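Enquirer: Below are the structure tokens for one structure; questions will follow.
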Ligand code: TXA
Ligand code: MG
């Protein structure tokens, strides 16, 4: 699998049109989004999707998010209800994924949905992702561009560290400014939070007008990708650490002395943007035992803590 030449594309018009050719020919192309770097393929091409699962080492029951350029294009693939329309209006383009009924004859590969009758779809808020969607003019299925179970990439270098030789190319576009993946919401049978992410749950509840159900509640749909151990750095992870034991490296938050601090000022937006890069750095430092400062559970803290609990889960 590690025998491809991985090309790097600039995000100018020439780079994007060459990069789009890779998608057209069924290749695997990493690209920046505002949340994390995605590993994209043509969502209509089952061969390409199968090679994507192989490159990620991903369990095939874990379906993918399709990226499109606008809500109008999304309507070709999924059926919107009133709640979905209101959420798309409020948060697209942006870090929100909607899980909606797949239209018959949408032409999306069944490997993308892993056989489900619903499709996860979003409109990314990143000029390079939008430029690529324009140049390709088709739906791009893209999980985060990391090997399954490992830390998500927020720079082209993170992608190249793990995926060189396994993918045809990466489009460069700086650091992903949100830094955690999209929030995933299903609207049927009732509005449900499937994954905490870049748009805080509270903001979504304001638009929906009531509290969201959570995956795991009875009658709530579940997100098959929510494996317990995920986002794992190489070292062990201890959460809510208010002291640091001998041999531990502190991943700090707030006004603490730490090897790496997610946000000295206690800003959750800054912490989310730095999270995955910090986990990559801890790997590079060979940190065997990682202690993590307490992080509040509100706003983007819910997404950060979700990723950290998975990083800390028994493997
Ligand atoms: O920010 C993001 O969402 C990034 C960027 C690249 O867009 N993508 C991303 O994809 O995080 P991935 O593949 O790492 O996560 C996709 C999640 C998984 O948890 C999967 O189970 C869930 O979406 N999912 C996909 N289709 C679904 C469906 N039909 N029903 C429920 N959950 C679904
Ligand atoms: Mg992922």
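Enquirer: Given bins 5 angstrom wide, list per bin the percent of all Cα-Cα distances in segment 39-185, short to long.
Expert: That works out to 2, 10, 20, 23, 23, 15, 7, 2, 0, in percent per bin.
Enquirer: With a 10 Å radius around each residue's Cβ, average the other Cβ atoms per peptide and rank 172-183, 30-41, highest first.
Expert: Averaged packing, sorted descending, gives the order 30-41, 172-183.
Enquirer: By how many nm would the segment from residue 257 to residue 211 lengthen if fully extended, with 0.36 nm per residue of separation less the alpha-carbon distance?
Expert: Here the segment from residue 257 to residue 211 would lengthen by 12.8 nm.
Enquirer: Viscosity 1.567 mPa s, temperature 4 °C: Stokes-Einstein D of segment 113-187 from its Kirkwood Cα radius, in µm² per second?
Expert: Result for D is 91 µm²/s.
Enquirer: Any idea how far the Cα center of segment 13-78 sits from the one of segment 168-203, in Å?
Expert: When both Cα centres are located, 16 Å separates them.
Enquirer: If you project the alpha carbons of segment 1-71 onto their three principal axes, what span does each projection cover, largest first, in Å?
Expert: In descending order, the Cα extents are 37, 36, 22 Å.
Enquirer: Using a 10 Å cut-off on Cβ atoms, rank the peptides 91-99, 16-24 from the highest mean neighbour count down.
Expert: 91-99, 16-24
Enquirer: Please report the projected area of segment 257-302's Cα convex hull averaged over all directions, in nm².
Expert: So the Cα hull casts an average projection of 3.3 nm².
Enquirer: Gain in length, residue 76 to residue 188, computed as 0.36 nm per residue apart minus the alpha-carbon separation, to one decimal in nm?
Expert: Computed gain between residue 76 and residue 188 is 38.5 nm.
Enquirer: Please compute the length gained on full extension between residue 245 and residue 285, using 0.36 nm multiplied by the number of residues separating them and subtracting their Cα-Cα distance.
Expert: 12.7 nm
Enquirer: Using alpha carbons only, what's the Rg to Rh ratio of the chain with Rh from Kirkwood?
Expert: Radius of gyration over Kirkwood radius for the chain works out to 0.96.
Enquirer: In addition: Give the percent of DSSP beta bridges with both residues in the chain that are antiparallel, rounded to the nearest 5.
Expert: 40 percent
Enquirer: Here's a follow-up. Of the listed peptides 238-248, 187-197, 203-213, 116-126, what is their order by residue-averaged count of other C-beta atoms within 10 Å, with the highest listed first?
Expert: By packing density, highest mean first, the sequence is 116-126, 187-197, 203-213, 238-248.
Enquirer: For segment 1-144, what proportion of DSSP beta bridges, expressed in % and rounded to the nearest 5, is antiparallel?
Expert: The antiparallel fraction comes to roughly 80 percent.
Enquirer: While we're looking at this one, here's another question. May I ask you to derive the FRET efficiency for residue 46 and residue 298 from their Cβ-Cβ distance with R0 = 51 Å, giving the value to the nearest 0.05?
Expert: Calculated transfer efficiency: 0.75.
Taken together, the values in this text are just the output of simple stated rules run on the coordinates, not laboratory data. Computed from a predicted structure; not experimentally measured. Positions of Cβ are backbone-derived with ideal geometry, glycine not excepted, and every protein chain shown enters the neighbour counts.
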